[in-house]
Amino acid sequence: MRCLWFAVFLLIPFSTVSGQQQERQVLALSLRRAVELALSPEGNAQIELSREGLEQARTRSDQARAALLPNLESSLIYRNQTVNLAANGIRFDIPTAPGQDFVFPRLVGPFSVLDARVSGSQSIFDFSSIRRFQAARTGVTAAESDLAGTEERIAADVARAYLQAIRADADVESAEANVTLAEAVLEQAEHQKRTGTGTGIEITRAKVQLANDSQRLLVAENARRRAHLQLLRVIDLPLDVNLDLTDRLGYVPLDAITLEEARKVALSTRPDLKAQERREESARLTSSATKLERLPTFNFFGDYGSIGTGPGDSIPTRTYGVQLRVPVFDGGRRDARRAEASSQYRSEKVRTDDLKKQIELDIRLALDALKSAEEQVKVAREGLKLSENELEQARRRYDAGVAIGLEVTDAQTRLERARDNQTEALYNYNVARIDLEQALGRVRSSVR
């Protein structure tokens with residue numbers, strides 16, 4: 001017995017810690033907070049990849065700028081060598097006395113050479129490198145717009161996943177309300193049976209309805225767990241976190257906006273369009289850079305250092321000058337690069353025009369969906385109100401003995417359908433709102 005109590009006392013702290021861990025894992029989450037977490041540096045993986053793409057674009061810009069800056073390097077060379085003069089063509093005889101010839105040595109050395117030197121070069125006239133640097137800088141702005149576009153897309157994905165999750169919560173609440181209603185109807189049928197105004201088939205029918213609603217509740221709870229896991233995955237949170245979603249499906253009317261107004265807003269704010277326009281500009285500058293390769297380039301070069309057999313026997317030497325390079329013929333490689341760059345520029349122009357058409361289509365579809373969803377919400381609300389009144393009247397008639405239980409069951413079924421219709425209509429309306437905001441390029445600002 002003492003051992004048993006000792007084991008209980010040992011388990012109490014562990015159970016308390018486990019309960020605290022489970023309590024800490026419950027996260028109260030609003031739509032705004034969900035988007036903020038997804039867009040944080042440790043959030044969605046696509047955001048991190050876009051940030052790395054921006055960093056890579058900046059490094060490419062630095063590399064292109066290096067071609068326009070001075071290039072300096074220093075060197076220190078020490079070598080010990082022997083030289084075969086005859087192998088280098090230095091071979092002759094020097095007479096020293098009548099009848100005698102001095103043979104010039106073929107092998108010289110070994111001797112040491114110490115050469116300390118600083119050399120550098122600077123591009124003075126190279127329009128092609130200037131254009132490439134401009135294209136690389138435009139690529140940085142394109143990468144920045146790509147990052148903004150990725151954030152916009154992730155914010156829309158998070159908003160849709162959040163809407164799906166709160167819809168699943170609403171479905172569970174509706175299913176629970178249906179089960180509660182079915183239990184009340186069953187209790188009413190049993191009461192009518194006990195008072196002699198009901199029949200056994202009505203009790204059976206009520207039990208069947210309760211079983212069906214209980215089944216739907218289990219399905220709704222499973223769908224909610226799936227929706228919560230999908231939301232955690234989009235945000236990139238641990239999948240063992242329990243979510244407490246603080247927002248609910250609701251109807252918030254939007255300010256009226258015309259097609260022309262929406263098109264102007266989208267063309268000025270869509271980050272993916274800005275990124276595509278920057279890519280088109282970068283392709284144009286790259287094409288210009290390849291054309292400017294035909295022009296001569298003008299460079300300055302020079303070096304200064306000391307050379308000798310050792311530190312005490314070194315003599316300063318220097319070299320400087322200018323270099324003019326004129327391209328003449330390279331086997332057609334330059335012409336092929338120009339043709340390729342021109343084709344890439346034309347491809348980017350086609351992509352830009354196609355994206356503008358897609359933006360207009362997105363706006364039209366979103367406006368139509370929003371208008372339809374607004375009408376669905378109005379109809380669903382009216383249908384729910386009528387269904388609630390119908391069920392209330394049917395139950396009163398059943399209590400009064402002027403109606404049978406089938407009338408109550410039919411009214412109950414129509415009420416459940418009306419609840420589902422309202423949930424569906426509110427979900428469609430909020431999804432249409434997100435679609436419109438994404439088409440306009442302002443999802444992040446609308447949910448923050």
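The values are calculated or read from the model by the stated rules, or taken from the named source; none is laboratory data. Note that the structure is predicted; figures quoted are calculated from it, not measured. Because the Cβ atoms are built from the backbone with ideal geometry, glycine has one as well, and the counts that use them run over all protein chains shown.
What are the pairs, 6+ residues apart or on separate chains, where a residue within the stretch 382-401 that is under 24 Å from residue 195 (Cα atoms) has its Cβ under 6 Å from a residue that is among the charged types (D, E, K, R) and part of a helix (DSSP H, G or I)?
Close Cβ pairs (under 6 Å, with a partner that is among the charged types (D, E, K, R) and part of a helix (DSSP H, G or I)) amount to 394/407.
Is it true that some residue in the stretch 92-113 is loosely packed, with under 11 Cβ neighbours inside 10 Å, at pLDDT 90 or above and of a type in the set (Phe, Trp, Tyr)?
no
The conditions are (1) touching a residue at least 40 places away in the same chain (Cβ under 8 Å); (2) closer than 30 Å to residue 41 by Cα, and residue 221 fails exactly one of them. Which is it?
Among (1) touching a residue at least 40 places away in the same chain (Cβ under 8 Å); (2) closer than 30 Å to residue 41 by Cα, residue 221 violates only (2).
Quick check on the stretch 118-151: of everything there that is farther than 28 Å from residue 300 by Cα and hydrophobic (A, V, I, L, M, F, W, C), which residue is surrounded by the most Cβ atoms within 10 Å (Cβ to Cβ)? Step through it out loud before you land on a result.
Kept after step one, since they are farther than 28 Å from residue 300 by Cα, are these residues of the stretch 118-151: 138-151.
Filter once more, keeping what is hydrophobic (A, V, I, L, M, F, W, C): 140, 142-143, 147-148.
Working: 140: 20, 142: 22, 143: 24, 147: 20, 148: 19.
Top of the filtered list is 143.
Could you go through the stretch 41-64 and let me know if any residue there is under 12 Å from the mean Cα position of the chain (by Cα) and of a type in the set (Ser, Thr, Tyr).
Checked the stretch 41-64: at least one residue is under 12 Å from the mean Cα position of the chain (by Cα) and of a type in the set (Ser, Thr, Tyr).
Quick test of your reading of the structure: residue 331 fulfils all but one of (1) modelled with pLDDT of 90 or more; (2) more than 24 Å from residue 282 (Cα to Cα). Name the failing condition by number.
All conditions pass for residue 331, except number (1).
Give all pairs with beta carbons closer than 8 Å in which a residue from the stretch 318-336 that is within 19 Å of residue 125 (Cβ to Cβ) and among the polar types (S, T, N, Q) meets a residue that is assigned to a strand (DSSP E or B) and at pLDDT 90 or above; count only pairs at least 6 apart in sequence or on separate chains.
Correct list of pairs: 323/298; 323/299; 323/300; 323/301.
Which ones in the stretch 400-448 are part of a helix (DSSP H, G or I) and of a type in the set (D, E, K, R)?
Of all residues in the stretch 400-448, those part of a helix (DSSP H, G or I) come to 400, 405-440, 443-447.
407, 410, 414, 416, 417, 419, 420, 424, 433, 435, 437, 444 - these are the residues of the stretch 400-448 that are part of a helix (DSSP H, G or I) and of a type in the set (D, E, K, R).
Within the stretch 266-308, take every residue that is assigned to a strand (DSSP E or B) and among the hydroxyl-bearing types (Ser, Thr, Tyr) and give me the one that is farthest from residue 328 (Cα to Cα). Break it down into steps so the answer makes sense when it comes.
If we filter the stretch 266-308 for residues that are assigned to a strand (DSSP E or B), which is where we start, we get 297-308.
Within this subset, residues satisfying the condition of being among the hydroxyl-bearing types (Ser, Thr, Tyr) are 297, 304, 306.
Numbers: 297: 12, 304: 32, 306: 37 Å.
Here the residue is 306.
Residues of the stretch 190-214 being closer than 17 Å to residue 399 by Cα and small (Gly, Ala, Ser), which ones? Walk me through how you get there before you give the answer.
Going residue by residue through the stretch 190-214, those that are closer than 17 Å to residue 399 by Cα are 190-203, 205-206.
196, 198, 200, 206 - these are the residues of the stretch 190-214 that are closer than 17 Å to residue 399 by Cα and small (Gly, Ala, Ser).
For the stretch 172-200: of the residues being of a type in the set (A, V, I, L, M, F, W, C) and touching a residue at least 40 places away in the same chain (Cβ under 8 Å), which is nearest to residue 403 (Cα to Cα)? Spell out the reasoning first.
Residues of the stretch 172-200 of a type in the set (A, V, I, L, M, F, W, C): 172, 175, 177, 179, 181-182, 184-186, 189.
Those still in the list that are touching a residue at least 40 places away in the same chain (Cβ under 8 Å) too: 172, 175, 177, 181-182, 185, 189.
Values: 172: 31, 175: 26, 177: 24, 181: 18, 182: 18, 185: 14, 189: 12 Å.
Only one residue tops the list, namely 189.
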